[in-house]
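All remarks here apply to the structure that follows.
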Amino acid sequence: MLHRPAALVLTRPRMSGLLPAMGLGLALALTPALHVEARGAPESFADLAELVSPSVVNITTSALVAAASDGAPMVPPGSPFEEFFKDFMDENGQGGNEPQRSEALGSGFVISADGFIVTNNHVIEGADQIEIEFFGGNRLEAKLVGADAKTDIALLKVESPEPLPFVAFGNSDTMRVGDWVMAMGNPLGQGFSVSAGIVSARGRELSGTYDDFLQTDAAINKGNSGGPLFNMDGQVVGVNTAILSPTGGSIGIGFSMASNVVTKVVDQLKEFGETRRGWLGVRIQDVTPDVAEAMGLTAATGALITDVPDGPAKDAGLLAGDVILSFNGAEIKDVRDLTRNVADSPIGEDVPVVVLRSGAEETVQVKLGRREEAEAETQPAAVQQTPEEPTQTEVLGVTVVPVDDTVAQSLKLPAGSQGLAVTHVDPSSEAASKGVAPGDVIVEAGQQKVVQLSDLEDRITEAKDAGRKSILLLIRREGDPRFVALSVE
C-alpha cells in the first residue's frame with residue numbers, strides 16, 4: 001500500500017517494538033565483459049549532516065476539528081488528522097459530537113534566509129496552527145503562503161529576527177540510479193534524524209498528473225514527509241512524500257518529489273500564493289506501436305489527441321487524430337512530456353505546436369489558457385443527431401448497432417449522440433483483450449467519422465486495401481475518448 005509518511009498524529013503516549021544468481025551468471029557468460037569503475041561508499045555522512053542540519057525543521061500542526069451530526073470527523077480526505085479521529089472513535093465508541101483538537105508532526109526545510117520553508121501539502125492541510133522547530137531548539141509560528149495538492153507541496157513563511165540558515169535546490173535531472181542520497185526529518189516524532197541510501201529509480205509515477213518521483217531506499221517513515229532528500233553536495237534533489245509499505249513503516253521503498261518539479265511550484269506559490277499552469281485543452285493518449293502501425297507512423301512517439309473540447313486547442317485548429325510531436329520547441333515523446341511542458345509554459349502567450357496530420361507535419365500557434373480556471377468550468381458537449389435504422393452487425397469481434405434516440409437512452413448517452421454502440425464483445429477477441437466493452441461507442445474508424453454500419457465496413461476495406469494490418473478506432477466510454485487499434489487480418 002502507498003502511505004504518506006507525514007501523518008504522525010499525537011493522541012496519547014504509545015510504545016512500539018523495536019534470487020538465485022544462476023540466470024545472471026549465464027547472461028554474463030554470453031555477453032562481452034564491460035569495464036565499470038565502481039565508486040566506493042562515502043566514508044561518513046557526518047560532515048554533510050552537520051552542514052545541512054540547521055536548515056531542516058520539525059513541523060507541528062494543530063487543528064480543532066468539528067464532528068458531523070453522525071459523529072464522523074469533518075477533516076479533509078487524506079489529512080493526518082483522520083488518524084487521530086480513527087483512534088479516538090475506536091477507543092471511545094462514537095466519540096461524541098464535541099470538537100476535538102489534534103496535533104500532527106511532519107518535516108520541512110528552509111530555502112531562504114528570510115524564512116521561506118517547504119513541506120508537503122498533506123502535512124499542513126486542515127491545520128489552523130503551524131509551529132516550526134529549528135535544529136537549535138528555537139520555535140516560531142508559521143503562516144501558509146500557498147499549497148498545491150497536485151504535487152503535494154506547500155510553502156510556509158516564518159518571521160525571524162535573524163537570518164536563517166538555508167539550503168539550495170539541486171538539479172534532480174542529473175541524479176542517476178545508484179547515486180548516494182541522504183534523507184532528513186522527524187520520523188515517528190523522534191526529532192531530527194538522518195538516514196542514507198541510494199536513488200533506486202527515477203521518473204516514478206504514483207497518482208498525480210505532474211508526478212516525477214525519485215525512488216530511494218533511504219529510510220522514510222511517518223513524520224519524514226516534507227523533509228529534504230539531499231545529494232552529496234548538500235543540495236535538495238527531492239521532497240520526501242510517500243512510502244510503499246504493507247505495514248505503514250519503511251521497507252526501503254520511498255518516494256521524493258523531484259526538485260525540478262518542486263522549484264517551479266515553489267516559485268509560483270511565492271509569487272502568486274497559488275499555481276498558474278498552462279492549459280492546452282485536449283484529451284490525449286500515448287502512441288503505442290499498434291496505434292502507430294494503424295496510423296501509418298514510422299515510430300511510436302508523440303501524444304495522440306483523442307478529443308478537442310472548447311478551449312485554446314480548438315480555437316487554434318488542433319484536431320482529434322493529430323499527433324503532437326513538439327510543443328514550444330521541446331520534443332514530445334509521450335503524454336507525460338506534453339502534460340509537463342504545457343503546465344510549465346506561459347499563460348496567454350502563443351506557443352508553436354508541431355503536429356502530424358494526415359502524414360504531414362504542420363505547425364500550429366496556440367495561445368494557452370490557465371488550467372486552474374479551466375478546471376473550475378464545465379464544458380457542455382456539442383452533439384448532433386442523425387437517426388439510423390436499428391440494425392446491427394458483428395465485426396472485429398464486436399457487435400455494433402447505430403446510435404439512435406432509443407440506443408442513446410438505453411446507454412445513457414447525451415441526446416443526439418452519433419456513432420456505433422457496442423452491444424457485445426467476443427471474450428476471445430482482440431477487442432476484448434484491449435478493453436473494448438459493451439456500452440462503448442465507436443465514433444471514428446481510420447480517423448473518419450462512422451455513423452452507419454457501412455461506414456465501419458468501408459473503413460476496414462480501405463485499411464486492407466492500403467496494406468494495413470490494423471485499423472484505428474476512436475471509442476468513447478461515458479464521454480471519455482481513447483484510440484484502440486484492432487487487427488483487420
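Details
- Wholly enclosed strands (runs of 3 or more DSSP E) of region 127-191 bearing at least 2 residues among the β-branched types (Val, Ile, Thr): 129-133, 153-158
- Some residue of region 234-251 being within 18 Å of the chain's Cα centre (by Cα) and surrounded by fewer than 20 Cβ atoms within 10 Å (Cβ to Cβ): yes
- Single condition Gly197 does not satisfy, out of (1) within 17 Å of Gly252 (Cα to Cα); (2) surrounded by fewer than 16 Cβ atoms within 10 Å (Cβ to Cβ); (3) not aromatic (Phe, Trp, Tyr): (2)
- Flag for Glu377 being out of contact with any Leu (no Cβ under 8 Å at 6 or more places or on another chain), at pLDDT below 90 and in a loop (DSSP other than H, G, I, E, B): yes
- Selection status of Val451, in a strand (DSSP E or B) and either among the hydrophobic types (A, V, I, L, M, F, W, C) or within 21 Å of Ile284 (Cβ to Cβ) (or both): no
- Set side by side, the residues Glu293, Glu274 differ, and just one is not in a loop (DSSP other than H, G, I, E, B) and not polar (S, T, N, Q), which is Glu293.
- Test result for Leu164, surrounded by fewer than 23 Cβ atoms within 10 Å (Cβ to Cβ), outside the structural domain of Thr61 (by TED's automatic domain parsing) and not aromatic (Phe, Trp, Tyr): yes
The values are calculated or read from the model by the stated rules, or taken from the named source; none is laboratory data. Because the structure is a prediction, the values reported are computed rather than measured. Backbone-built Cβ (ideal geometry, glycine too); neighbour counts: all protein chains shown.
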